[in-house]
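Colleague: One structure, as structure tokens, below. Some questions next.
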Amino acid sequence: DVVETQEHYKSRWRSIWVMYLTMFLSSVGFSIVIMSVWPYLQKIDPTADASFLGWIIASYSIGQMVASPLFGLWSNYRPRREPLVISTAISVAANCLYAYVHVPHSHNRYYMLAARALVGFGAGNVAVVRSYIAGATSLTERTSTMANTSACQAVGFILGPVFQTCFTLIGEEGITWKLVQLQLNMYTAPVLFAAVLGVINIILFFSIFREHRVDDMGRQCKSVSFEGEESGVPDQDAEGTIDHVAVVAINFLFFVILFVFAVFETIATPLTMDMYSWTRKEAVFYNGIILSVVGIESVIVFMVVKMLSKKTGERAILHGGLLIVLVGFFILLPWGKKLPNIQWQEIKNNSIPRTTATEMVMPFWSLQATVLPSNHTVEPVGCPVTQSWCLNTPMIYLAQYISSDILIGLGYPVCNVMSYALYSKILGPKPQGVYMGWLTASGSGARILGPVFVSQIYTHLGPRWAFSLICGVVVASLLLLEIVYKRLIAFSVRYGRMQE
């Protein structure tokens, strides 16, 4: 039998490449502001604290968690173009809203919260992307294609902070377009750029994307969701039940993987501002560079893991990735004796006359206090005294922080792609829209709890407690992986239709 015509093959892969781009833009929508949310929040609402920062970052994932199963269900019964176009349009509108959160005279923080939640809702199309790719690839193509998808996601995470770093050159004031009340600055330019990319993505959905589906052997099949653009025979290999124990296990492992990475992303800016006395602009700039380098590392890992998985299998690589993440967070624990610099701040407006500064700050920063002119307003830097742990917890050295970044940047992409590859193989030829929606929702739930968890624990108990608890969570996930290890096999292998 002819497995696939040349025309079908080219159209199928063009559509997959559009899905790669969609995944890229979804991650850009998240990461392009991740380093600047905190200083932007402080700028539009000085009363907002680190706890509210956690909720703003989590709101993206709340929106994605709600939307993913809905878009997944939609894609099971209707043309996938429909949820893809609608979701991307929502993200474009939400990014425009984010650019205007400075305009209202009150409740600015809540407008920012709503904007990020809607961007996340639009990013629920990740479930549609993953289910389409799982259905449009054979079993031998699956791991490689999932790795490419995750690589595109990683490139989005790389270029998001890079775009943000470039836009810092515009400055905090930037340019104001009074006619439409638009401030184009280092905080708003990135989201407007993301909105333009979203419009381009919508155009590609109409011009290039087509519905395609093949079975595990690569034979052309009828599309489950929409048969108008597809021809072929019904998939006879869909008979059988899915191993729901394996499904639940992968969902939990994926939750842990996304949870620890969300913690890592969220804590980067506050941690470096506290430990190294960086200003808001320095924290955005330096963390943007560090995370960009880590992102490049991740893309290399995705490329390597595609080849490595053919020799060792996905399960062993997933195990190794979790171990690397564990070591990365263990290194991040504060071990030394040197304490971080303590932040000075005047209660009302941070304006510190010389006499007041000398009285308040002499025990800590006597040199700085003596050179501050009267009426001078300076951004307070260092570890705030309102965080009581700053007075007795050792600082995390920059070498520790960078080493941890490198290890987490190595372990996370390995775990991410292996989870998706195993999950899609376990589901096999069954319609995967809803299942992929639940997997995306579990990851989104992790992105909700991760920022809230770390912002609360870090603010009140400090980095030692926060990172120790993370290490415990990763150890628990390793134990679960050992228990279900033998069940994490492909649907076709489980029913003896293919060799492992």
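Colleague: With all protein chains present, how much of the accessible area of the chain (probe radius 1.4 Å) comes from carbon and sulfur, to the nearest whole percent?
Modeller: Looking at the chain in its full context, I get 66 percent from C and S.
Colleague: Can you tell me how much longer the chain between LEU73 and GLU482 gets when fully stretched, taken as 0.36 nm per residue apart minus their C-alpha distance, in nm with one decimal?
Modeller: Taking LEU73 through GLU482 to full extension adds about 144.1 nm, to one decimal.
Colleague: Can you give the net charge of the other residues whose Cβ lies under 13 Å from the Cβ of ARG280, counting K and R as +1 and D and E as -1?
Modeller: In short, -2.
Colleague: Now, a different point. Could you order PHE285, PHE254 by accessible surface area, starting with the largest, using a probe radius of 1.4 Å?
Modeller: Largest accessible area first, the residues go PHE285, PHE254.
Colleague: Only bridges whose two residues both fall in the chain count here: according to DSSP, what percent of them are antiparallel, nearest 5?
Modeller: 60
Colleague: Under the Karplus relation 6.51 cos²θ - 1.76 cosθ + 1.60, θ = phi - 60°, what is the ordered set of whole-Hz ³J(HN,Hα) values for the range 197-206, x standing for Gly and Pro?
Modeller: Karplus values, whole Hz, x for Gly and Pro: 4, x, 4, 4, 4, 4, 4, 5, 4, 7.
Colleague: Between the range 8-56 and the range 146-169, what is the C-alpha centre distance in whole Å?
Modeller: 9
Colleague: Let me ask another. How big, on average over all directions, is the shadow cast by the Cα convex hull of the chain, in nm²?
Modeller: 24.0
Colleague: If I model a spin label as a point 7 Å beyond the Cα along the Cα-Cβ vector, how far apart are those points for THR279 and HIS460 in nm?
Modeller: Here the modelled spin labels are 3.4 nm apart.
Colleague: Stokes-Einstein at 20 °C, 1.002 mPa s, Kirkwood radius from Cα pairs: D for the range 3-91 in µm² s⁻¹?
Modeller: 135
Colleague: Additional query: So, counting K/R as plus one and D/E as minus one, what does the shell of residues with Cβ under 15 Å around GLY171 add up to?
Modeller: Its environment carries a net charge of -1.
Colleague: Right, another one. Before I look further, what does the chain give for accessible area per residue, probe 1.4 Å, in whole square angstrom?
Modeller: In whole numbers, the chain has 41 Å² accessible per residue.
Colleague: Return the FRET efficiency for the residue pair LEU179, LYS337: r is the Cβ-Cβ distance, R0 is 51 Å, and the value is rounded to the nearest 0.05.
Modeller: Here the calculated transfer efficiency is 0.35.
Colleague: Still on this structure, please answer the following. Is there a quick way to get the dipole size of the chain? I mean about its Cα centre, with the Cβ of Lys and Arg at +1 and of Asp and Glu at -1; what is the value in debye to the nearest 20?
Modeller: 180
Colleague: Under a 5 Å amide H to amide H cut-off, with H placed in plane at 1.01 Å, what residues pair with ALA490 once short-range neighbours are removed?
Modeller: none
Colleague: Near the amide H of LEU184, under 5 Å away, which other amide H atoms are found, from residues 5 or more places off or on another chain, if H is placed in the peptide plane?
Modeller: For LEU184, the qualifying residues are ILE175, THR176, TRP177.
Colleague: Cβ neighbours within 10 Å, averaged per peptide: list 412-425, 134-147 in order, most packed at the top.
Modeller: 412-425, 134-147
Colleague: What order, most packed first, do the peptides 199-206, 117-124, 288-295, 399-406 have when packing is the mean number of other Cβ atoms within 10 Å of each residue?
Modeller: Highest mean packing first, the order is 117-124, 288-295, 399-406, 199-206.
Colleague: Let me ask you something else. Using the scaling law 2.2 N^0.38 Å as the reference, what is the normalised Cα Rg of the range 1-223?
Modeller: After normalising by residue count via 2.2 N^0.38 Å, the value is 1.12.
Colleague: Could you tally the net charge around MET35, taking each other residue with its Cβ under 13 Å from the Cβ of MET35, Lys/Arg +1 and Asp/Glu -1?
Modeller: Once all neighbours under 13 Å are counted, the net charge is 0.
Colleague: Then there's this: Under a 5 Å amide H to amide H cut-off, with H placed in plane at 1.01 Å, what residues pair with CYS383 once short-range neighbours are removed?
Modeller: For CYS383, whose amide H was placed from the backbone, the distant partners under 5 Å are ASN341, ILE342, GLN343.
Colleague: Also, I was wondering about something else. Using a 1.4 angstrom probe on the protein heavy atoms only, could you order HIS105, HIS8, HIS319 from most to least accessible area?
Modeller: HIS105, HIS319, HIS8
Colleague: Count of lysine pairs in the chain with Cα atoms under 27 Å apart, counting only pairs 8 or more residues apart in sequence or on different chains?
Modeller: So the count of such lysine pairs works out to 24.
The values are calculated or read from the model by the stated rules, or taken from the named source; none is laboratory data. These figures come from a predicted structure and were not determined experimentally. Cβ atoms come from the backbone with ideal geometry, glycine included; neighbour counts cover every protein chain shown. Quick note on the areas: whole protein, heavy atoms, side chains included, nothing else; ligands and nucleic acids left out. Shrake-Rupley method; radii C 1.70, N 1.55, O 1.52, S 1.80 Å.
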